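First the structure, in the form of structure tokens, and then the observations on it.
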């Protein structure tokens, strides 16, 4: 490492090109670290669990158009038909489906005072009959399911008396663990919590309380409704393929549409995040390539400028490895300098993102990982030009230009 | 002289193909990434109705009770209640107005071989078509009287007309929607604004409706909402009437206010309306706000341009900056290599300004090449973006403004990048190089 001193003085003699490379590396690090961080945030979001056995579930929409249809009869007959289809575990006519991107939500609180003071939590509501939990494939951890007598069939909307909530809601409203049997307040009415389920998610993946849900025993008698079907393992495609025909066979006065697997619902829900991750990946790849090419360009130029000097050093006894090491060390010094400035830039940039777009602050380990990546890229980029420099013949020194 | 400079540039590019190619690639990549991101951003946020958008206003009222505030930006709910909409629409201040709802029907085709299918519908007043400059292919909007007296008439979109009537003039024919016969009074030409600026809170990138029916049909047909319903009050709905009387916010309202004076007058009218409703026990908040926002403000309020986009715009400019730093470094290298030649030219009488200009032309030429490459790669980038988002097909296309922006950005950025190297080279002292030669 004896070369450090001559390298530094050489670099100082070419202040502007040194500064440019350093700045370039610094900016690259700042962008790459933040982009990688955003990508990893999105990827963990995309993989977040729904609590449902997704590979066994699909959803569809139905719109009835018969004149004065008996919707209560229709809904019950449809549910019975689907539940009795071979390969179906359970099915439910429901107002909204997890990751379905449409539905109802409302603010609730554990006490009336909390509600009136605006100290409430916005939660998604699922409304259907007692088959909701089994169709979702989720389990009660305490309390009981709805009874048939509790199910309200209504054309409009009436207040239900009871509710089943997810454990997340229970913990938020009753941190002391006494949720079961307590009340949930919603403006001017209250419901009694009769059961707590392990997990369920809302229809909206970007909802701040996506991991919370409340179930009510209420069946809306609307012309439009959604259906969620859970099949046996491996039977999903087959059931999905038959269901429209079966439903229209029973009553042709409707349109069955938007039959989607949970995988498709998941893809649609996270479309923006997937797109963002992919765009950022491309940007990172291009950026690192550009920076690497920049290093190649500058080092090549330096070498062409110093051909005579290299030849002289070789003539004076420097080995090929010495020459190669000289240029690699030079790049390492430049890169390290860039990375130090880049770290400051990366943190500044991240603080701006946190302030303006409510992104969570970066975790520290992204910075050293980014630094090492950039350092390796720098060394790889300098390798070929440095190798070429080492092959300059000592005879060059003796030639005059 | 300019031509001579161009010739010199071309010669120098030929002499340093590697450095020149690297520069063109660096600029090209920088431009392609920026222009791809900018295209999406620009098309999302651009004024959809230039010259008119500032006269069209979306109306908002804060009907919430004390202690409750809407989660929408500014705390004002996006939509209105049916009762407020009916009351407000009696005002004579707006020159045009349209109430609006997204609903939908099952279309039951007569044509052999077609099975019933669902289509979303826009439920509006007849002014809607003129306010938003909807182009008609056949027929016209329904008459004014239908706005108050329900009649089963419909305007359909070209796509639906093609499907049901093979593109023929279907005005006067009927269409079966939910087993009700509607008379077709008009067919509109392709009109698929993206983003769907007239209804951004129900998905700005959802499909445009293919059925347009009179708002006055809402209580008659008891139309469901295919958009969002927001409620702060727990109300029992035994019938559709209950929903119409309720505090549920599920409708939208656009008014055209042509002058500043009219806009002021309308603001006062809204404030007066709130006071007038208070004795009825509504508008509990002492500072219950009202507002009107024009098309562009409404799009901004609804964050049609997502945060992701803004982050990407910032990132893409940092990317461009890296590419430009890269270019400056390469230019320095290239020009230093050429210093002896410049020394000779200076000695033969070329002025500093001439040397400077020549190098700026040189950089401009490389910028132009980089810009062209950037546009080409940008098209690829847009194809990529299109494939990532399901609803962007209609959105992502470059227009002339964007192409000009890309080329301008490329040349502008390269010239800025070239300033320092060109300045450095024109200061070359001729004597040094003359000596070594």
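A few points about this structure:
- Some residue of segment B:192-215 being in contact with a strand residue (DSSP E or B) (Cβ under 7 Å, 6 or more places away or on another chain), part of a helix (DSSP H, G or I) and closer than 30 Å to residue B:110 by Cα: yes
- Of all residues in segment A:311-333, none satisfies being at the interface with chain B (Cβ under 8 Å from one of its Cβ atoms), in a helix (DSSP H, G or I) and closer than 28 Å to residue B:26 by Cβ.
- Residue among A:199, A:153 that is within 14 Å of another protein chain (Cβ to nearest Cβ) and touching a residue at least 12 places away in the same chain (Cβ under 8 Å): A:153
- Matching residues, segment B:284-309, being assigned to a helix (DSSP H, G or I), touching a residue at least 40 places away in the same chain (Cβ under 8 Å) and within 14 Å of another protein chain (Cβ to nearest Cβ): B:309
- Qualifying residue in segment B:203-214 (condition: facing another protein chain (nearest Cβ under 10 Å) and under 28 Å from residue B:392 (Cα atoms)): yes
- Pick from segment B:21-54, criterion touching a strand residue (DSSP E or B) at 6+ places or on another chain (Cβ under 9 Å) and assigned to a loop (DSSP other than H, G, I, E, B), ranking: surrounded by the fewest Cβ atoms within 10 Å (Cβ to Cβ): B:52
- Hits in segment B:312-342 - residues which are over 30 Å from residue A:273 (Cβ atoms), more than 10 Å from chain A (Cβ to nearest Cβ) and surrounded by fewer than 21 Cβ atoms within 10 Å (Cβ to Cβ): B:338, B:339, B:340, B:341
For (1) modelled with pLDDT under 90; (2) within 14 Å of another protein chain (Cβ to nearest Cβ), each residue gets a yes or a no:
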{"position": "B:87", "(1), (2)": "no, no"}
{"position": "B:97", "(1), (2)": "no, no"}
{"position": "B:102", "(1), (2)": "no, yes"}
{"position": "B:113", "(1), (2)": "yes, no"}
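- Members of segment B:218-236 that are away from chain A (no Cβ under 14 Å) and either in a loop (DSSP other than H, G, I, E, B) or in contact with a strand residue (DSSP E or B) (Cβ under 7 Å, 6 or more places away or on another chain) (or both): B:218
- Which numbered condition residue B:407 fails, given (1) within 18 Å of residue B:331 (Cα to Cα); (2) part of a helix (DSSP H, G or I): (1)
- Count of segment A:47-78 residues which are buried (at least 16 other Cβ atoms within 10 Å of the Cβ), modelled with pLDDT of 90 or more and more than 16 Å from residue A:259 (Cα to Cα): 5
- Qualifying residue in segment B:60-83 (condition: touching a strand residue (DSSP E or B) at 6+ places or on another chain (Cβ under 6 Å) and exposed (fewer than 15 other Cβ atoms within 10 Å of the Cβ)): no
- Checking residue A:49 against (1) closer than 28 Å to residue A:341 by Cβ; (2) within 19 Å of the chain's Cα centre (by Cα), the condition it does not meet: (1)
- Verdict on residue B:247 being outside any strand (DSSP E or B) and away from every other protein chain (no Cβ under 14 Å): no
- Strands (runs of 3 or more DSSP E) contained in segment A:85-139 and holding at least 1 residues in the same structural domain as residue A:212 (by TED's automatic domain parsing) and under 23 Å from residue A:243 (Cα atoms): A:88-94, A:121-128
- Boolean, residue A:327 is in the same structural domain as residue A:9 (by TED's automatic domain parsing) and closer than 29 Å to residue A:5 by Cβ: yes
- Just one of the listed residues (A:307, A:343) is within 14 Å of another protein chain (Cβ to nearest Cβ) and either more than 23 Å from residue B:333 (Cβ to Cβ) or touching a residue at least 24 places away in the same chain (Cβ under 8 Å) (or both), namely A:307.
- Residues within segment B:82-139 that are under 30 Å from residue A:251 (Cβ atoms), in contact with a helix residue (DSSP H, G or I) (Cβ under 7 Å, 6 or more places away or on another chain) and assigned to a loop (DSSP other than H, G, I, E, B), tallied: 2
- Residues that are loosely packed, with under 15 Cβ neighbours inside 10 Å and under 21 Å from residue B:146 (Cβ atoms) were ranked within segment B:180-198; the one that is farthest from the other protein chains (Cβ to nearest Cβ) is B:183.
- Single residue of A:161, A:171, A:183 found to be in contact with a strand residue (DSSP E or B) (Cβ under 7 Å, 6 or more places away or on another chain) and without any contact (Cβ under 8 Å) to a residue 60 or more places away in the chain: A:161
- Residue A:293 vs. criteria on the phi < 0 side of the Ramachandran plot, within 8 Å of chain B (Cβ to nearest Cβ) and without any contact (Cβ under 8 Å) to a residue 12 or more places away in the chain: no
The values are calculated or read from the model by the stated rules, or taken from the named source; none is laboratory data. Only a predicted model underlies this, so the values are computations on that prediction, with no experimental measurement involved. Here Cβ is always computed from backbone atoms with ideal geometry, including for glycine, and neighbour counts include all displayed protein chains.
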